Structure formats: C-alpha cells, structure tokens
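To start, the structure itself, in structure tokens.
What follows is calculated from the coordinates using simple rules that are stated; it is not laboratory data. All values reported here derive from a predicted model rather than from experimental measurement. In this analysis, Cβ positions are derived from the backbone assuming ideal geometry, glycine residues included, and neighbour counts consider all displayed protein chains.
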Amino acid sequence: MNQVNPLHIGGLLLTISIYLCFQLGAVKEGLREAKQEYATSEALAVDLSALKNVYANKKKVQSSLEHILRQPSLREAHLSVNRGDKFIKITSKEMSTRTLNIFMNKILNTSYNITAMKIKKLSERKASLKMEIQW
C-alpha cells in the first residue's frame, strides 16, 4: 500500500494538462482583446495628433486668420481685432448680414478653436459680432 498507482499519476498529469490548455486559451483570448484595444488606442492617438497639428499650430492659425480678415468683402464690416498671447478677439458693432454670412462661412470652413461667439441681430440687415478664437 505504500506504492502510488501509476494510473493515478497519469490521470493527475492528464487533468493538469487539460486545465493548462484551457488557461492558455483564456490567455490567448485576453491577448487578442488587448491587441484590439491597442489598435483602437493607436488610431485614436493618430487622430488626436492630427487634430493637435491643426488646432495648436499658432502661426498657421494666425496667418490663415489674417488672410481671412484682409478679404475685400470684409472691409465694410469694420472688424476690430484684439490679439492676446493665447487668443484673438474679433468684434464688430455693426455689420451687414451679407458680410456676416461671408465671414462666418470663411471662419467655419477652416479649423479654429472658437471659444466664444455671440451674434446679435440689430435689424433685418444689420448684426453685431463678438468672437474669441484660441490657439
């Protein structure tokens, strides 16, 4: 009775082998999920990097905004521009709605970080504008 039956040892080894195979399958599934999450995170990082390049490039934002403000169609709006270190404020006490429409089309069709905007209707053909753009 002091001897161990070899069939018991074989059964124990078979049971351990089956258990380890199931554990390995679970670890492989976890690795697949981690790879998918990594791919998603990498795509998000690339998108955020591209957005940072568009919105955080101060010189590009300034030059494109200056180009918009120099448009001949916006001269009648009498836009006053207040520049700060991290922002630019554009105001107009009175401008025509046609000019406002042109200005808003140009601003909204490019990538700017607009933090504040207030448009007030003064009459059927006149409006006032206050806008703050950050970089």
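Please name whichever of 112, 90, 2 sits farthest to the positive end of the charge dipole of the chain, dipole taken about the Cα centre and charges placed at Cβ: Lys and Arg +1, Asp and Glu -1.
After comparing all options, I get 90.
Would you be so kind as to identify which of 27, 99, 11 lies farthest towards the positive end of the dipole of the chain, taking Lys and Arg as +1 and Asp and Glu as -1 on Cβ and the Cα centre as origin?
99
At 222 nm, what value in deg cm²/dmol follows for the chain if DSSP H runs of at least 4 each add -39500 (n - 2.57) and the sum is divided by all its residues, to the nearest 500? Please report the intermediate quantities before stating the final value.
Details: 3 runs with 74 residues, N = 135.
That comes out to -19500 deg cm²/dmol.
Roughly how many debye, to the nearest 20, is the charge dipole of the stretch 1-97 about its Cα centre, given +1 on each Lys and Arg Cβ, -1 on each Asp and Glu Cβ, and no other charges? Working shown, then result.
Values: 13 positive and 9 negative charges, 134 e Å.
Computed charge dipole of the stretch 1-97: roughly 640 debye.
Using a Förster distance of 35 angstrom, determine the FRET efficiency expected from the C-beta separation of residue 69 and residue 41, and round it to 0.05. Display every interim value, and only then the final one.
Numbers: r = 39 Å, r/R0 = 1.12.
With R0 = 35 Å, the Cβ-Cβ based efficiency is 0.35.
Nearest 10 degrees, 0 to 90: what angle lies between the long axis of helix 58-69 and the longest principal axis of the chain (Cα atoms)?
Tilt of helix 58-69: around 40 degrees.
Using the Cα atoms of the chain to build a convex hull, what is its mean projected area in square nanometres? Each step should come with its number before you reach the end.
Working: hull surface 61.2 nm².
So the Cα hull casts an average projection of 15.3 nm².
Mean separation of Cα pairs under 8 Å and 6+ residues apart, divided by the residue count of the chain: what relative contact order is that in percent? All intermediate terms of the calculation are to be shown ahead of the outcome.
Numbers: 122 pairs, mean separation 27.6, N = 135.
Over the chain, the number comes to 20 percent.
Sort 51-63, 101-113 by packing, meaning the average of other beta carbons within 10 Å per residue, with the highest value first. Before the final figure, lay out each step's value.
On the way: 51-63: 12.8, 101-113: 14.5.
Packing order, densest peptide first, comes out as 101-113, 51-63.
Just report the Cα centroid separation between the stretch 73-102 and the stretch 1-43, whole Å.
68 Å
Just to confirm the number: angle between the C-alpha axis of helix 97-108 and the first principal axis of the chain, 0 to 90 degrees, nearest 10?
Tilt of helix 97-108: around 30 degrees.
Give the angle, between 0 and 90 degrees and rounded to the nearest 10, that separates the Cα long axis of helix 6-55 from the longest principal axis of the Cα atoms of the chain.
10 degrees
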